[in-house]
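Below is one structure, written out as structure tokens; the observations come after it.
The values are calculated or read from the model by the stated rules, or taken from the named source; none is laboratory data. None of the values given here were measured: they were computed from a predicted structure. Cβ atoms come from the backbone with ideal geometry, glycine included; neighbour counts cover every protein chain shown.
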Amino acid sequence: MEVFVTNVFGRSVTCLIEETWTVQQLKDTYAQELETSSTNWYLMFNGKFLQNQKRILDYDVMQGKSFSLYFTSDSTQSQMQTPKFYQKPNETSRKRTNYSC
């Protein structure tokens, strides 16, 4: 099946995959297309971060759908929950500052 992977810079790559592939296999296919490594990447589909060991089929992906690709400095992907860069800020970091010109 044909799917699209779009990175944060807006570059989209078409990937031909099987629905029985794992998320890691999709990431590796994308990496081969760009001649780079797939470490420190996370894929998102329908508002969910995808786990590397799960199959594409587990996420009900259909032909022609798009995945979003995100980069992170967290290299521990074996037990991925939510990437560190995506954690909700605590209340103290939400203070508003009023600026005037």
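Select from the range 44-59 the residues that are out of contact with any helix residue (DSSP H, G or I) (no Cβ under 6 Å at 6 or more places or on another chain), touching a residue at least 12 places away in the same chain (Cβ under 8 Å) and over 12 Å from Trp21 (Cβ atoms) and write down the one among them that is surrounded by the fewest Cβ atoms within 10 Å (Cβ to Cβ).
Checking each candidate, the answer is Asn46.
Condition first: among the hydrophobic types (A, V, I, L, M, F, W, C) and either at pLDDT 90 or above or crowded, with 16+ Cβ neighbours inside 10 Å (or both). Now tell me which residues in the range 14-30 satisfy that.
Of everything in the range 14-30, those that are among the hydrophobic types (A, V, I, L, M, F, W, C) and either at pLDDT 90 or above or crowded, with 16+ Cβ neighbours inside 10 Å (or both) turn out to be Cys15, Ile17, Trp21, Val23, Leu26.
If you go through the range 50-63 one residue at a time, do you hit one that is within 18 Å of Ser12 (Cα to Cα) and modelled with pLDDT under 85?
Within the range 50-63 (the criterion being within 18 Å of Ser12 (Cα to Cα) and modelled with pLDDT under 85), the answer is no, since none of the residues qualifies.
Find the residue count for the range 1-44, including only residues that are over 14 Å from the mean Cα position of the chain (by Cα) and in a helix (DSSP H, G or I).
Number satisfying all stated conditions: 3.
For the subset of the range 1-22 comprising residues that are among the hydrophobic types (A, V, I, L, M, F, W, C) and out of contact with any helix residue (DSSP H, G or I) (no Cβ under 6 Å at 6 or more places or on another chain), which member is nearest to Tyr70 (Cα to Cα)? Talk me through it step by step, then tell me what you get.
Taking the range 1-22 as the starting set, the residues that turn out to be among the hydrophobic types (A, V, I, L, M, F, W, C) are 1, 3-5, 8-9, 13, 15-17, 21.
If we keep only those that are out of contact with any helix residue (DSSP H, G or I) (no Cβ under 6 Å at 6 or more places or on another chain) as well, we get 1, 3-4, 8-9, 16.
Details: Met1: 22, Val3: 17, Phe4: 14, Val8: 6, Phe9: 10, Leu16: 20 Å.
So, considering only residues that are among the hydrophobic types (A, V, I, L, M, F, W, C) and out of contact with any helix residue (DSSP H, G or I) (no Cβ under 6 Å at 6 or more places or on another chain), the one nearest to Tyr70 (Cα to Cα) is Val8.
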